[in-house]
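Enquirer: Here's a structure for you.
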Amino acid sequence: MPYVDGFVLAVPTANRQKFIEHARACDAVFLEYGATRVMECWGDDVPTGKVTDFFRAVQAKDDETVVFSWIEWPDKATRDAGMAKVMEDPRLSPEANPMPFDGKRLIYGGFMPVVEIAGRD
């Protein structure tokens with residue numbers, strides 16, 4: 001059964017290109033260690049809610065954009081093994097690839113799909 005890691009973060013809007021470069025470097029490592037797909041999505045139509053929303057979740061500031069990302073893995077065992085390798089990989093150290101956003105406000109978690117509906121090719 002596939003497994004998905006999901007992420008929501010706030011990136012300074014001025015750092016869009018830096019974020020893309022950071023993500024490309026990181027995402028290649030995830031793929032190398034077994035991920036099947038990585039998506040990095042720059043907020044475009046993200047509404048402000050009355051009770052909760054993505055902005056509140058990551059304490060986004062006026063000059064920041066919400067980013068929604070996920071990593072798809074073939075299964076949880078591959079994810080666990082791959083993520084352990086990712087965390088030890090020197091290419092993802094803060095010195096080698098500094099985050100162009102405040103990592104303390106990053107929200108993440110692992111998810112088991114319960115419904116999957118695919119469109120026709």
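Enquirer: For A118, all conditions in the list (1) at pLDDT 95 or above; (2) open to solvent by 70 Å² or more (accessible area, probe 1.4 Å) hold save one; what is the number of the exception?
Expert: Of the numbered conditions (1) at pLDDT 95 or above; (2) open to solvent by 70 Å² or more (accessible area, probe 1.4 Å), the odd one out for A118 is (1).
Conditions (1) charged (D, E, K, R); (2) open to solvent by 50 Å² or more (accessible area, probe 1.4 Å), marked per residue:
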residue: K76; (1), (2): yes, yes
residue: R79; (1), (2): yes, no
residue: M83; (1), (2): no, no
residue: P94; (1), (2): no, yes
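Enquirer: List, please: which pairs have Cβ atoms under 6 Å, are six or more places apart or on different chains, and start with a residue in region 109-121 that is in a loop (DSSP other than H, G, I, E, B) and end with one that is open to solvent by 100 Å² or more (accessible area, probe 1.4 Å)?
Expert: none
Residue-by-condition table, conditions (1) hydroxyl-bearing (S, T, Y); (2) touching a strand residue (DSSP E or B) at 6+ places or on another chain (Cβ under 8 Å):
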{"position": "Y3", "(1), (2)": "yes, yes"}
{"position": "F7", "(1), (2)": "no, yes"}
{"position": "K18", "(1), (2)": "no, no"}
{"position": "E21", "(1), (2)": "no, no"}
{"position": "V29", "(1), (2)": "no, no"}
{"position": "D44", "(1), (2)": "no, no"}
{"position": "E88", "(1), (2)": "no, no"}
{"position": "E95", "(1), (2)": "no, no"}
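Enquirer: Kindly provide the set of residues from region 96-115 that are within 22 Å of Q59 (Cβ to Cβ) and surrounded by 12 or more Cβ atoms within 10 Å (Cβ to Cβ), ordered by number.
Expert: Here is the first cut: in region 96-115, the residues within 22 Å of Q59 (Cβ to Cβ) are 98-109.
Listed by number, the residues that qualify are M99, P100, F101, D102, R105, L106, I107, Y108.
Enquirer: Confirm whether M87 is at pLDDT below 95 and closer than 19 Å to V8 by Cβ.
Expert: Details: at pLDDT below 95: yes; closer than 19 Å to V8 by Cβ: no.
When the stated conditions are applied, M87 does not pass them.
Enquirer: Cβ contacts < 8 Å: first residue open to solvent by 20 Å² or more (accessible area, probe 1.4 Å) and modelled with pLDDT under 95, restricted to region 1-23; second residue in a helix (DSSP H, G or I) and not hydrophobic (A, V, I, L, M, F, W, C), any location; separation 6+ or different chain. Result?
Expert: Pairs found: M1/K76.
Enquirer: Anything in region 39-74 that is assigned to a helix (DSSP H, G or I) and either hydroxyl-bearing (S, T, Y) or surrounded by 15 or more Cβ atoms within 10 Å (Cβ to Cβ) (or both)? List them, or say none. I'd like the intermediate steps shown before the answer.
Expert: So the first thing to find is which residues in region 39-74 are assigned to a helix (DSSP H, G or I), and the list is 54-57.
Answer for region 39-74, where residues must be assigned to a helix (DSSP H, G or I) and either hydroxyl-bearing (S, T, Y) or surrounded by 15 or more Cβ atoms within 10 Å (Cβ to Cβ) (or both): F54, F55, A57.
The values are calculated or read from the model by the stated rules, or taken from the named source; none is laboratory data. The shown structure was predicted, so the numbers you read here are calculated from the model rather than taken from an experiment. All Cβ positions, glycine included, derive from the backbone under ideal geometry; neighbour counts span all protein chains shown. Surface accessibility is based on the protein's heavy atoms, side chains included, excluding ligands, DNA and RNA. Shrake-Rupley method; radii C 1.70, N 1.55, O 1.52, S 1.80 Å.
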